[in-house]
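Each value in this text was obtained by applying a stated rule to the coordinates, not by laboratory testing. Note that the structure is a prediction, hence the values are computed from the model and not measured. FYI the Cβ positions are ideal-geometry reconstructions off the backbone, even for glycines, and counts take in every protein chain you see.
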Amino acid sequence: MPHPLRIAVLASGRGSNLAALLAARERGELAAEFVLVASDKVQAGALKLAEAVGIPTLVLDPKAYPDRRAFDLDLFGRLAASGAELVVLAGFMRILDGEAIAPWAGRMLNIHPSLLPKYRGLHTHRRALEAGDLEHGASVHFVTAELDGGPVVAQARLPVEPGEDEQHLAQRLLPLEHRLLPATVGLITQGRLGWRDGAPTFDGQPLAAPLRLGPQGLLPA
């Protein structure tokens with residue numbers, strides 16, 4: 001039997017997406033070993049979640065480095081030393097240096113709360129409402145040096161309700177995020193979602209459009 005996929009998680013905040021990944025593993029839906037949870041914030045809730053279940057943790061202070069590149073090179077060097085085969089960005093609020101992440105092409109995922117390519121960066125719920133969008137959602141994509149710009153592999157969608165505010169929209173989307181990320185990582189652990197010649201593949205074929213999250217999980221669009 002192949003060994004469980006070794007995963008490192010980067011998070012800057014409360015760690016709700018990490019909690020969703022851990023819950024999926026406990027349910028037997030994710031054949032994964034979490035080898036490290038790292039953060040740029042010493043108070044990140046994700047670190048406490050990891051410590052509670054015995055996952056090694058790492059905190060690096062960006063202010064201790066001369067520039068972003070130096071921080072990222074050290075961080076990703078430590079991720080490599082952990083034995084991680086896949087890196088999952090679960091609310092890691094930093095722009096990454098292209099040189100530092102180059103060795104991880106096709107081995108690093110990010111979840112972003114918008115229907116990419118719409119609304120890269122921050123305040124995605126507010127921007128969707130201000131634009132009058134009828135639909136909003138979340139995306140999982142392979143990470144490149146371009147901010148929220150790597151190939152999108154999976155999305156969850158929901159209709160925008162009339163008159164709702166930014167907070168309500170975010171609260172409704174969060175449970176979908178918590179299904180979307182583990183389902184996508186699960187496809188990687190199963191060998192169904194992959195990377196070849198600089199582009200994502202699904203079941204060995206080029207992925208023509210992002211997978212859609214439905215009641216039965218992730219399905220081709």
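Numbers below:
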quantity	calculated
Surrounding net charge for Gly186, when Lys and Arg each add one and Asp and Glu each subtract one, Cβ distance under 11 Å	+3
Backbone HN-Hα couplings from phi across region 79-88 [Karplus 6.51/-1.76/1.60, Hz, Gly and Pro as x]	4, 4, 5, 6, x, 4, 9, 9, 10, 10
Zone of Gln190's modelled label, taken as backbone nitrogen in region 1-41 under 13 Å from a point 7 Å along Cα→Cβ	29-31
Karplus 3J(HN,Hα) series, Hz, for region 196-201 with 6.51 cos²θ - 1.76 cosθ + 1.60 (x for Gly, Pro)	8, 6, x, 8, x, 10
Amide H within-cut-off set for Leu193, under 5 Å, with H built and near neighbours excluded	Ile188, Asp203
Segment Gln205-Thr57, extension gain: residue separation times 0.36 nm, minus the distance between their alpha carbons	49.7 nm
Difference of contour (0.36 nm per residue) and Cα-Cα distance, Leu158 to Ala19	47.8 nm
Alpha carbon convex hull of the chain, projected area averaged over orientations, nm²	12.5 nm²
Within straight-line cross-link reach of Lys63, lysines at Cα separation under 20 Å, skipping those fewer than 8 residues along the same chain	Lys41
FRET E, pair Arg120, Ala170, Förster distance 22 Å, beta-carbon r, rounded to 0.05	0.85
For region 23-146, share of DSSP beta bridges that run antiparallel, in % to the nearest 5	40 percent
Size of electric dipole in region 140-213: Cβ of Lys, Arg +1 and of Asp, Glu -1, about Cα centre, debye, nearest 20	400 debye
Test item: Cα-centred dipole of the chain, Lys/Arg +1 and Asp/Glu -1 on Cβ, debye	240 debye
Extension gain (nm, one decimal) between Arg6 and Ala221, 0.36 nm per residue minus Cα-Cα	74.5 nm
Unit charges on C-beta of K, R, D, E only; dipole of region 103-188, Debye	340 debye
For region 53-97: rounded, prolate or oblate by the Cα gyration tensor [a/c cutoff 1.5]	prolate
Pairwise label distance in nanometres, Asp197 with Ala105, each label 7 Å out on the Cα-Cβ vector	1.4 nm
FRET efficiency, Glu29 to Glu135 (Cβ-Cβ, R0 35 Å, nearest 0.05)	0.85
